Amino acid sequence: MRWKRGALRTRVGIQGWKLMKDETFSPEAFNAQTQKVRSSVLRGESLSTRRSGPLAQIFFCEGCCCGQSEKGFPPLPKAMIKERWKSLKLNGTIQLTISGCLGPCDLANVFYLLSSDGVGQWFGGLSEHWQYETLIQWASECQQSGSLLPVPPTLDGHRFERFDSVPTKPQACSLGDRTLHEST
């Protein structure tokens, strides 16, 4: 079978790759939560979450480079981080996410800290166990204080700007007039 340009592919076990033809998912097959969100979007309502509490979310990259010691990069002590985060019950204060590739592979190992007010901070080049211990201790101190504290200055040398400033044009996106349609 030849792949058409732009066709979606999906991995199917040991059979290999199969082509996904413009599949339409039946809304009736979605769970109640997904159906409610989809209905809100179709009605043009703004989405919001009932979940509150975390002061921030920390994303540790474990993608193509970060944590891949077999490729010569420093390991990500994922099991230790997850165990300590869980035992200290930190997820309600600083939500922990171990993600796939976050992008800046030349600065492996990377983490991204996103505060509840939408301000993000990037850090990279983590290679020492104490750096992860410092982050766990910081999250614990945030929990004890009930506020988002500054990341310890011992990690300041690992901060970086993810994107250069990009000029924007004061015109509307051409996709603005497209709407989601009910599938039949």
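Quick check: from the Cα gyration tensor, does the stretch 120-169 come out rounded (a/c under 1.5), prolate or oblate?
Numbers: a/c = 3.66, a/b = 1.59, b/c = 2.30.
Oblate, because a/c is 1.5 or more while a/b does not exceed b/c.
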Distant-in-sequence amide H partners of G67 (H built 1.01 Å from N, under 5 Å): L76
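Using a simple charge model, +1 on the beta-carbon of Lys and Arg, -1 on the beta-carbon of Asp and Glu, nothing else, what dipole does the stretch 56-160 show about its Cα centre, in debye to the nearest 20?
On the way: 7 positive and 9 negative charges, 54 e Å.
Computed charge dipole of the stretch 56-160: roughly 260 debye.
Once fully extended, how much extra length lies between E28 and S145, figured as 0.36 nm per residue of separation less the alpha-carbon to alpha-carbon distance?
37.6 nm
For H129, H158, which order do you get if you count the other beta carbons within 10 Å of each Cβ and list the fewest first?
Values: H129 12, H158 18.
Fewest-to-most ranking of H129, H158: H129, H158.
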With θ set to phi - 60°, apply the Karplus curve 6.51 cos²θ - 1.76 cosθ + 1.60 along the stretch 72-78 and write out the HN-Hα couplings as whole Hz, x wherever there is a Gly or Pro. x, 8, x, x, 9, x, 4
For A56, enumerate residues with amide H under 5 Å from its amide H, sequence gap 5+ or separate chain, H modeled in the peptide plane. Q95, S116
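Starting with the highest mean, order 95-102, 144-151 by the number of other Cβ atoms within 10 Å, averaged over the residues of each peptide. Let's see the in-between values first.
On the way: 95-102: 15.6, 144-151: 12.6.
Those peptides, ordered most packed to least, come out 95-102, 144-151.
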If amide H atoms are built 1.01 Å from N in the plane of the peptide, which residues on other chains or at least 5 residues away come under 5 Å of the amide H of I98? F60
Give me R162, R84, R43 sorted ascending by neighbouring Cβ count inside 10 Å, so fewest comes first. R43, R162, R84
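Rule-based calculations on the coordinates, nothing more; no lab input. Only a predicted model underlies this, so the values are computations on that prediction, with no experimental measurement involved. Please note: Cβ atoms are built from the backbone with ideal geometry, for glycine as well, and neighbour counts cover all protein chains shown.
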